[in-house]
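K.L.:
Can you keep this structure in mind? I'll have questions shortly.
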Amino acid sequence: MRKMRNLATAICMVGVAVLAMQGCSQFNLENGADAAPGSITLSISGVPEDLVSDGTFLKSGSDTDTNNFILTIYSTSGEKIYDGRYGDRPQEIVVTPGSYDVGIYSNRFSPPKFAAPQYGDQQTIIVEEGMQAKVSFMCRQVNAGLKLKFTNEFLARFPGTGVYLSQDGNDLHYEYSQTKYAFVTAQPFDLVYRNGEKDTVILTKSLQKGQMVTMNLSYSESNTTASVINVQVDTTREWISYDYNVGLKIPTGVYSIEEAKSHIGEKIPVFGYILGGDPTTSSIRIGPPFESRSTIVIAPTMTERNRENMFVVELPSGAVRDALNLVVNDNLLGTPVVITGTVAESYYGYIGIKNTKSYALL
């Protein structure tokens, strides 16, 4: 079992061995019917034995039978080659030369859902003319688990039977008595309280693949710090606990990003959520791994995707950079923060914050 778990620690990568010919870099994928076909063969080199369901561990058996995994093979143009049980696949899949998206999953997952961890692997491969691409899958958890706990103050502020976890247009009722993990994809989700016809979005957050998060929800109108209190990594996933005060408000005297836009050249405190890093004039990275230690990106919400509504924040060398850079502090993603610095008219092509003097995590 230890050897199997050591295999599972590898990043969810597909080992692709293509027996390439001299000059294959000049191969034209538009050769079409005149090109000799290639083929794809598949194998699984490692499957975790401890697939987590509701916080317990499943025993080996049908749940870990890779023949029941779902195999998908599509051309990068969207043509379906295979979509079905891994155990029913042909031993050698003949295809025309080209590039293909190949994936394997323990189940068909549509979030959010209780007790539904999804393990899998995916890669894009190139099949050369007359050649065989050998694909070896190694699986890890590709969705994320979330367990919620509620303080008495939270229950008093949001009375009823529970809250709703909303992602991809689907809602899951998370009852206050629930003890199971709910599973989501590595995309933003909303936690929503419903009182009659009125919906209140309590928080918006993103989790990363393989994270198993316990979130302790409290309510206080004081500016109590929300922080990660524990991180534990095992062979296949990352276990995290958060304290999160949903009553957190922008402190008095602090500017929103929209308000700060009219204060160019001034040194002011600005509120936002740490959305990502590695900015360019046209893009940002919203999930690890990060490369730049000198900048982060803040936004009014974690679902913001309009570049004009985000601020790139300069992190000068020293304590500010050490504390906020996402290369070593990616656990800060989604954390509310107040940044005090000079509002710059142009920083990576948009209004931003330079000469950062101080910060406060909320």
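The values are calculated or read from the model by the stated rules, or taken from the named source; none is laboratory data. From a predicted model like this one, the values you see are computed outputs, not experimental measurements. As a convention, Cβ positions derive from the backbone with ideal geometry for all residues, glycine included, and neighbour counts pool all protein chains shown.
The rows are residues; the columns are (1) in contact with a Ser or Thr (Cβ under 8 Å, 6 or more places away or on another chain); (2) assigned by TED's automatic domain parsing to the domain that holds GLY276; (3) under 14 Å from PRO111 (Cα atoms); (4) at pLDDT 90 or above.
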| residue | (1), (2), (3), (4) |
| --- | --- |
| LYS149 | yes, no, no, yes |
| PRO188 | yes, no, yes, no |
| GLY196 | no, no, no, no |
| SER206 | no, no, yes, no |
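K.L.:
Kindly evaluate LYS267 against the criterion of being in contact (Cβ under 8 Å) with a residue 12 or more places away in the chain and under 14 Å from GLU314 (Cα atoms).
P.N.:
yes
K.L.:
If you check ARG293 against the conditions, is it of a type in the set (D, E, K, R) and closer than 21 Å to PRO188 by Cβ?
P.N.:
no
K.L.:
Scan region 130-138 and give yes if some residue there is surrounded by fewer than 17 Cβ atoms within 10 Å (Cβ to Cβ), over 22 Å from the mean Cα position of the chain (by Cα) and on the phi > 0 side of the Ramachandran plot, otherwise no.
P.N.:
yes
K.L.:
Only one of ILE257, ILE298 is in contact (Cβ under 8 Å) with a residue 40 or more places away in the chain and closer than 29 Å to LYS209 by Cα. Can you tell me which?
P.N.:
From the options ILE257, ILE298, the qualifying one is ILE298.
K.L.:
Before we move on, is ALA156 surrounded by fewer than 16 Cβ atoms within 10 Å (Cβ to Cβ) and assigned by TED's automatic domain parsing to the domain that holds LEU203?
P.N.:
yes
K.L.:
List, please: which pairs have Cβ atoms under 8 Å, are six or more places apart or on different chains, and start with a residue in region 72-90 that is among the aromatic types (Phe, Trp, Tyr) and end with one that is in a helix (DSSP H, G or I)?
P.N.:
TYR86/THR66; TYR86/ASN67; TYR86/ASN68
K.L.:
Do we find a residue being touching a Phe, Trp or Tyr at 6+ places or on another chain (Cβ under 8 Å) and of a type in the set (D, E, K, R) anywhere in region 316-325?
P.N.:
No, region 316-325 contains no residue that is touching a Phe, Trp or Tyr at 6+ places or on another chain (Cβ under 8 Å) and of a type in the set (D, E, K, R).
K.L.:
In region 295-322, how many are polar (S, T, N, Q), exposed (fewer than 15 other Cβ atoms within 10 Å of the Cβ) and within 23 Å of GLU345 (Cβ to Cβ)?
P.N.:
1
K.L.:
Could I ask something else about it? Of these, VAL201, VAL163, which one is at pLDDT below 90, in a strand (DSSP E or B) and on the phi < 0 side of the Ramachandran plot?
P.N.:
Going through VAL201, VAL163 in turn, the sole match is VAL201.
K.L.:
Another question, if that's okay. Looking only at region 84-110, count every residue that is part of a loop (DSSP other than H, G, I, E, B) and either under 17 Å from GLN132 (Cα atoms) or not aromatic (Phe, Trp, Tyr) (or both) and tell me the total.
P.N.:
Residues that pass the stated criteria total 10.
K.L.:
So is ILE257 in contact with a Ser or Thr (Cβ under 9 Å, 6 or more places away or on another chain) and among the aliphatic types (A, V, I, L, M) or not?
P.N.:
Considered against the rule, which asks whether it is in contact with a Ser or Thr (Cβ under 9 Å, 6 or more places away or on another chain) and among the aliphatic types (A, V, I, L, M), ILE257 comes out as no.
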